[in-house]
Every structure is written in C-alpha cells, then in structure tokens.
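Data first, discussion second: the structure below is written as structure tokens.
The values are calculated or read from the model by the stated rules, or taken from the named source; none is laboratory data. Computed from a predicted structure; not experimentally measured. Glycine gets a Cβ as well: all are built from the backbone with ideal geometry, and neighbour counts include every protein chain shown.
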Amino acid sequence: MIQKTASVIAVIFGVLTLVASSRILYLGSDPGYVVFMPLLIFNHIMGVCYLIAGYLIWRNSQKGEVTALSVFLINLIVLLTIFVVYLKGSGVATDSLGAMTFRTVVWLLIFMSLKITGRKPNI
C-alpha cells in the first residue's frame, strides 16, 4: 500500500512539476520573480524523471527505492549548488530555494517510506 501511495505521489509531483515549468518555458508565464533558467530546465527534465520514478516505484519496490534515492540525491546536489549561487547573488530567487528544498524533502520522504516498508523482518 505504501509503495503504491509513494508511486502516486511521485507521478502527481511529476505532473505538477511539468505543468509549472511548461507554463514558464513554453507559454511565457511570469512567476513573479527572476527565473534562473538552468534551474527551470533542470526542473522540467526532472518532472519527466519523477514520472518514470513513479512508474518504477509502482512496478518494483526495489528498483523504485534505488530510483527514489537517486532522485533525492540529484535534487540535494542541485539544492546545494543553487544555494551557493544564491549566496553569491547570482540570480536565484528565494522562492526557487524554497521550491527546491520542498522537492528534496518530498523525495527523501518517498525514499524513506520505501526503505522502511521494504525491510524484511529477521526471523
């Protein structure tokens, strides 16, 4: 049950990420802050990865667990990178830091839920 719920969360998260990034990339929507284009493109690509991860989580908890960990780590690396860019005053909005932090935490929780439920009891 937790595996399927994690999968659905991953897919919904992927769809929302693609919708938000597509509105800016393809429709020219103004989010109300300066857009750091490399981060926007990264998030758009990751939206597709979130959909793939959701599928893998649904089909195979072991592959899904590895995928969720990979997505979490990639997001963490990018979060740390944009934090450094932000500290240097190079055009990363605080909204972007908040959103990236949220993404990173969501994927940590997805991974942890899969890891915890995937453990077999020692008998």
Matching option when the condition is over 17 Å from Thr5 (Cα atoms) and either in a helix (DSSP H, G or I) or aromatic (Phe, Trp, Tyr) (or both), among Val35, Val92, Val84: Val84
Cβ-Cβ under 6 Å pairs, at least 6 apart or on other chains, segment 50-72 side of a type in the set (Asp, Glu), far side crowded, with 20+ Cβ neighbours inside 10 Å and at pLDDT below 95: Glu65/Leu114
Test: residue in segment 9-32 that is under 18 Å from Ile116 (Cα atoms) and at pLDDT 95 or above: yes
Members of segment 45-71 that are under 10 Å from the mean Cα position of the chain (by Cα), buried (at least 21 other Cβ atoms within 10 Å of the Cβ) and not small (Gly, Ala, Ser): Met46, Tyr50, Val71
Qualifying residue in segment 95-115 (condition: of a type in the set (S, T, N, Q), assigned to a helix (DSSP H, G or I), at pLDDT 90 or above and buried (at least 16 other Cβ atoms within 10 Å of the Cβ)): yes
Residue in segment 75-87 that is on the phi > 0 side of the Ramachandran plot and either without any contact (Cβ under 8 Å) to a residue 60 or more places away in the chain or surrounded by fewer than 16 Cβ atoms within 10 Å (Cβ to Cβ) (or both) present: no
Flag for Ala93 being of a type in the set (A, V, I, L, M) and closer than 16 Å to Val8 by Cβ: no
